[in-house]
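Notes for the one structure printed next.
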Amino acid sequence: MSAALPVTPELRRGLPLWLLLELTYRCPLHCVFCYNPTEFAATGAELATADWIRVLREARALGAVQLGLSGGEPLVREDLETIVAEAHALGYYINLITSGVGLTEERIRALKAAGLDHIQLSFQDSTRELNDFLSSTRTFELKARVAELIRKYDYPMVLNVVLHRLNIDHVGEILAMAERMGAGYVELANTQYYGWAWLNRAHLLPSRAQLERAEAVTREFRARVAGRMDVYFVVPDYFETRPKACMNGLGSVFLAITPDGTALPCHAARMLPGIDFPNVREHDLRAIWYDSAAFNHFRGEAWMKEPCSSCPERQRDFGGCRCQAYLLTGDAANADPVCELSPHHHLVTAAVAQAERAADGAARAPLIFRDHRISIAVEPRR
Amino acid sequence: MSGDGAGRAAAGAAVAADARPAIPRGLKLQWEAAQEAHVLLFPEGQVLLNGSAAEIMSRCDGMRTVAEIVADIERTHSLSGIADDVGAFVALALAKRWLELRP
């Protein structure tokens, strides 16, 4: 028996431990902050059940163990139970990431029997009015019923609420709602600006005062429920001076497969220009993870530019988020402009300053709800 | 398993010898060949356990007491005097909700 520290909290580097399957882009909701690509309607046909099962087997052989089943709304897939059963037999820890729409008692019973480990249920707000407005659906009461089912079937209650300017002032009510529902974990995830959220950024970015109030409310709540509930508050990185260590570096731990079989080193990476992301219909995952140009592109440091390439912090944050660098500066190899050392940092501070001005009044452009018809109208990026 | 000062310092309070720790619902302990380690899996995360932690966690079934777990590990590995280290780890794991106590 060893005398070393009892646990190592770090993930071992280099294996695709985290596998995210975006089973479908179909979704009954129309959330304004969705990170799915705006051109989702122009992507290829969804993988068949047999394809997903092959992906599960190949990824497990590479060491994948945490499995996220997401979308879109994964419950739209009628073969979800089959996919869960196979994943369970392979030894995955299976997380279903859902809006709850379609989670009937019949399905939750079948998913439990198939070996589903955990359900993360998303809410848009603590009020029916704002929940239903933000998702452009009438789903608030349905979600509350689903929360009951999650408890009845003895799952840990994990709630996720995406925060932004329109609901961040309700954090106290959102946390109270989570407590009433018996949540063990609450993730208050400030919007990250990709996909539909990027289109709506001027509406969604909160002011600094809003953010500070929300953090104070969360701290107070967290102290009160310590030991019963864990509350995670994901800070919006636009307010930071150093970037997030996005995906622990691309190609180091995370592997996402989109509905049409495209393999990505991060959910949003499809937008990155000049990179030909491989498809699981044509390549096995071992070749994709270890050998493909796409997955090797942002490994190591050779791709970095100044100020990252000589930065003493480059092994801590890997230059931040490649997608954010591309969206804001037009070059995915630039430093994430969230970093105050980036020559493009003014783009982030300008967006924050604009949010300060807009916080009291309406933004000029209308909110754009995630929608199939609008997606067709949006020009594909490549 | 000797001299695990970090675990003890982090854990603080001691655990009763007749307490019955168990892995909470929704968490899974398993051997991962690719990581060459036991890992504890929970919603959207994992911790990598070293050999000592795995020896303890794998015996936390809600039936055995801490004293029985200590005795079993000492017998299996021909060790003695590990009660404090086991207690410190169990306290740490309880604080992190990797373990819970059963009546």
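Return the only residue of A:Arg57, A:Arg26 being in contact with a helix residue (DSSP H, G or I) (Cβ under 8 Å, 6 or more places away or on another chain), open to solvent by 50 Å² or more (accessible area, probe 1.4 Å), modelled with pLDDT of 90 or more and assigned to a loop (DSSP other than H, G, I, E, B).
Details: A:Arg57 fails: assigned to a loop (DSSP other than H, G, I, E, B).
A:Arg26 is the lone residue from the list that is in contact with a helix residue (DSSP H, G or I) (Cβ under 8 Å, 6 or more places away or on another chain), open to solvent by 50 Å² or more (accessible area, probe 1.4 Å), modelled with pLDDT of 90 or more and assigned to a loop (DSSP other than H, G, I, E, B).
This table checks each residue for (1) closer than 25 Å to A:Val65 by Cβ; (2) of a type outside the set (Val, Ile, Thr); (3) in contact (Cβ under 8 Å) with a residue 12 or more places away in the chain.
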residue	(1), (2), (3)
A:Cys246	yes, yes, yes
A:Val253	yes, no, yes
A:Thr258	yes, no, yes
A:Gly261	yes, yes, yes
A:His267	yes, yes, yes
A:Val280	yes, no, yes
A:Phe295	yes, yes, yes
A:Met304	no, yes, yes
A:Phe318	yes, yes, yes
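Every condition in (1) in a loop (DSSP other than H, G, I, E, B); (2) of a type outside the set (Val, Ile, Thr); (3) on the phi < 0 side of the Ramachandran plot is met by B:Arg97 except one, and the failing one is (3).
If I filter the range A:325-346 down to residues being of a type in the set (Asp, Glu) and in contact with a Ser or Thr (Cβ under 9 Å, 6 or more places away or on another chain), which single residue comes out as surrounded by the fewest Cβ atoms within 10 Å (Cβ to Cβ)?
Pass one, the range A:325-346, residues of a type in the set (Asp, Glu): A:331, A:336, A:340.
Remaining after also requiring in contact with a Ser or Thr (Cβ under 9 Å, 6 or more places away or on another chain): A:336, A:340.
Values: A:Asp336: 28, A:Glu340: 14.
If we take residues in the range A:325-346 being of a type in the set (Asp, Glu) and in contact with a Ser or Thr (Cβ under 9 Å, 6 or more places away or on another chain), then A:Glu340 is surrounded by the fewest Cβ atoms within 10 Å (Cβ to Cβ).
Residue check: is A:Ala85 open to solvent by 50 Å² or more (accessible area, probe 1.4 Å) and more than 20 Å from the chain's Cα centre (by Cα)? When the stated conditions are applied, A:Ala85 does not pass them. Can you report the number of residues in the range A:220-242 which are over 18 Å from A:Pro337 (Cα atoms), over 17 Å from the mean Cα position of the chain (by Cα) and not aliphatic (A, V, I, L, M)? Here the count works out to 7.
Taking the range A:315-324 only, how many residues are surrounded by 16 or more Cβ atoms within 10 Å (Cβ to Cβ) and charged (D, E, K, R)? I'd like the intermediate steps shown before the answer.
First, pick out the residues of the range A:315-324 that are surrounded by 16 or more Cβ atoms within 10 Å (Cβ to Cβ): A:317-324.
Those left that are additionally charged (D, E, K, R): A:317, A:322.
Residues flagged as surrounded by 16 or more Cβ atoms within 10 Å (Cβ to Cβ) and charged (D, E, K, R) within the range A:315-324 amount to 2.
Being of a type in the set (Phe, Trp, Tyr), modelled with pLDDT of 95 or more, in a loop (DSSP other than H, G, I, E, B) and closer than 25 Å to A:Glu22 by Cβ is a description that does not apply to A:Phe369.
Residue-level check: of (1) open to solvent by 10 Å² or more (accessible area, probe 1.4 Å); (2) within 22 Å of A:Glu46 (Cα to Cα); (3) at pLDDT 95 or above; (4) outside any helix (DSSP H, G or I), A:Ser310 misses just (2).
For the residues B:Leu92, B:Leu79, B:Leu41, B:Leu49, the requirement of being within 8 Å of another protein chain (Cβ to nearest Cβ), of a type in the set (A, V, I, L, M, F, W, C) and open to solvent by 50 Å² or more (accessible area, probe 1.4 Å) singles out B:Leu79. In the range A:214-234, the residues that are away from chain B (no Cβ under 14 Å) and closer than 22 Å to A:Leu166 by Cβ reach residues that are of a type in the set (S, T, N, Q) and part of a helix (DSSP H, G or I) with C-beta atoms within less than 9 angstrom, at least six apart or across chains, in these pairs: A:Phe233/A:Thr218.
Just one of (1) within 13 Å of another protein chain (Cβ to nearest Cβ); (2) open to solvent by 40 Å² or more (accessible area, probe 1.4 Å); (3) under 22 Å from A:Trp18 (Cα atoms) fails for A:Asp154. It is (3).
Return the residue satisfying two criteria in turn: it lies in the range B:52-76 and is over 30 Å from A:Leu69 (Cβ atoms) and among the hydroxyl-bearing types (Ser, Thr, Tyr), and of such residues it is surrounded by the most Cβ atoms within 10 Å (Cβ to Cβ). Working first, answer last.
First pass over the range B:52-76, keeping only residues over 30 Å from A:Leu69 (Cβ atoms): B:52, B:55-56, B:59, B:63-76.
Right, trim to among the hydroxyl-bearing types (Ser, Thr, Tyr) and you get B:52, B:65, B:76.
Details: B:Ser52: 25, B:Thr65: 14, B:Thr76: 11.
Among those residues, the one meeting the criterion is B:Ser52.
Tally up the residues in the range A:116-129 that are crowded, with 18+ Cβ neighbours inside 10 Å and not in a strand (DSSP E or B), please. Give the derivation first.
Of the residues in the range A:116-129, the ones crowded, with 18+ Cβ neighbours inside 10 Å are A:116-126.
With not in a strand (DSSP E or B) added as a condition, the list becomes A:116-117, A:124-126.
Residues meeting the conditions: 5.
The values are calculated or read from the model by the stated rules, or taken from the named source; none is laboratory data. Everything numeric here is computed off the predicted structure, so don't read it as measured data. As a convention, Cβ positions derive from the backbone with ideal geometry for all residues, glycine included, and neighbour counts pool all protein chains shown. Ligands, DNA and RNA are stripped out before the accessible areas are found, and what is left, the full protein with its side chains, is counted by its heavy atoms. Shrake-Rupley method; radii C 1.70, N 1.55, O 1.52, S 1.80 Å.
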